[in-house]
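A.B. asks: Take this structure first; my questions come after.
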Amino acid sequence: MDAMGVDQALLYLTWFAEGFFLVLVRDPDVAYALARAYNDWVTEFCKAAPERLFAAAIQPLQNMDFALEELARVAAIPSVRAVFIRPMFLEDRYLNHPYYDPLWAELEQLGITVAVHATPGLWNPEWSSHGPFFEKIKDRLAQPPVPGGGGGPFAGGSGGAGQSITFIGATPLGHPLAPILANWLDNHMFVASTLIGFTVMERYPAMKVVVAHGKASWMQEVLEKMEASTRVIPLLHHYPVSTEPEEMWERGNVMLGFDAEERMIQALPQDFADKVVWGSRYPHHDATSAWDALARLRAANVAEPLIARMMGGNAARQFAIEPRREPPA
């Protein structure tokens with residue numbers, strides 16, 4: 001963390017608990033036991049540096065009674081500053097189902113932040129993964145076979161003068177595209193259908209949410225499209241929306257995780273400064289350090305007060321974390 005310029009970190013979940021496998025557990029009692037075991041482990045881990053490490057706890061959403069019991073338990077643990085939720089279908093219900101209303105109400109009452117994290121597009125059954133949608137289109141997206149001989153766009157040099165190797169055979173693109181599209185699709189669907197469309201932001205205005213790992217620039221496009229749609233097909237016909245999406249978004253206590261290389265944020269920082277938090281996917285291959293993020297924002301001439309909010313101030317406030325008194329040199 002010191003080397004990456006990170007003073008404090010909210011720890012998201014492991015591969016198992018992050019929703020890739022825990023959500024596949026059908027027995028609610030087993031899911032409850034596994035959730036408690038993970039939460040006990042991660043809170044114990046945070047004790048190594050209680051002023052720097054904080055946890056996002058998992059909930060056994062297979063049974064709402066169990067989920068609320070575990071929420072009440074972890075709420076009393078100082079290191080727990082968020083509850084992890086992945087935007088997905090569980091028991092054929094999406095997060096805009098009334099089933100989840102007791103969870104939103106309790107999270108608002110307890111003041112614990114909802115930490116929403118998209119899928120990497122692997123084994124979940126949604127449209128954004130190696131599931132039904134990509135299974136249907138993967139062959140249609142295949143690159144056509146290239147006739148043998150000669151060069152061309154699919155040819156690679158073999159080292160000999162005037163010689164080339166042609167890649168022959170169709171290459172399915174469905175699965176490789178899944179992790180590229182999954183993060184944006186998951187977060188877009190959650191914000192548009194649940195927070196705005198199902199009026200969760202309106203009905204639970206004090207509930208804090210951070211939607212991470214899917215960039216933030218897309219939110220402007222979502223709001224523009226939703227505003228246009230409400231004039232043609234009012235959301236009031238489907239959901240009890242009493243205000244326009246942009247107004248709801250501005251009033252809502254929701255922030256988005258961003259990457260410093262996002263061009264819209266560099267060009268229009270004032271439009272995002274109050275609604276974004278920086279994060280790194282370390283140790284993933286595309287992780288960046290805080291030093292990298294600071295350099296990019298400063299190179300784009302973003303004002304230092306805005307950078308301070310985007311890089312730490314917003315996150316500290318949203319997760320109710322006291323900033324570290326003695327940051328690393």
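The values are calculated or read from the model by the stated rules, or taken from the named source; none is laboratory data. Here the structure is a predicted model, which means the values were calculated and not measured. Ideal geometry is used to build each Cβ from the backbone, glycine not excepted, and the neighbour counts take in all protein chains shown. Ligands, DNA and RNA are excluded from the accessible area calculation, which covers all protein heavy atoms including side chains. Shrake-Rupley method; radii C 1.70, N 1.55, O 1.52, S 1.80 Å.
A.B. asks: Quick check on Leu95: is it part of a loop (DSSP other than H, G, I, E, B), touching a residue at least 40 places away in the same chain (Cβ under 8 Å) and within 27 Å of Phe198 (Cβ to Cβ)?
C.D. replies: So Leu95 fits the description; yes.
A.B. asks: Ok, one more. If I go through region 269-286 residue by residue, how many of them are closer than 15 Å to Ile307 by Cα and open to solvent by less than 70 Å² (accessible area, probe 1.4 Å)?
C.D. replies: Count: 8.
A.B. asks: How many residues does region 4-36 contain that are more than 27 Å from Glu322 (Cα to Cα) and surrounded by fewer than 18 Cβ atoms within 10 Å (Cβ to Cβ)?
C.D. replies: Qualifying residue count, region 4-36: 11.
A.B. asks: Can you name the residue in region 57-76 that is over 28 Å from Arg324 (Cα atoms), among the hydrophobic types (A, V, I, L, M, F, W, C) and within 23 Å of the chain's Cα centre (by Cα) and is also most open to solvent (accessible area, probe 1.4 Å) among such residues?
C.D. replies: So the residue we want is Leu68.
A.B. asks: If you don't mind, there's one more thing I want to ask. Could you tell me how many of the residues in region 245-255 are buried (at least 22 other Cβ atoms within 10 Å of the Cβ) and in contact with a Lys or Arg (Cβ under 7 Å, 6 or more places away or on another chain)?
C.D. replies: Adding up the residues that qualify gives 1.
A.B. asks: I need every pair where a residue in region 53-77 that is without any contact (Cβ under 8 Å) to a residue 40 or more places away in the chain and closer than 17 Å to Glu108 by Cα has its Cβ under 9 Å from the Cβ of a residue that is assigned to a loop (DSSP other than H, G, I, E, B) and of a type in the set (Gly, Ala, Ser), sequence separation at least 6 or different chains.
C.D. replies: If the second residue must be assigned to a loop (DSSP other than H, G, I, E, B) and of a type in the set (Gly, Ala, Ser), the pairs left are Ala75/Gly111.
A.B. asks: A further question on this structure: Only one of Phe45, Phe54 is within 19 Å of Leu13 (Cα to Cα), at pLDDT 95 or above and open to solvent by 20 Å² or more (accessible area, probe 1.4 Å); which?
C.D. replies: Phe45
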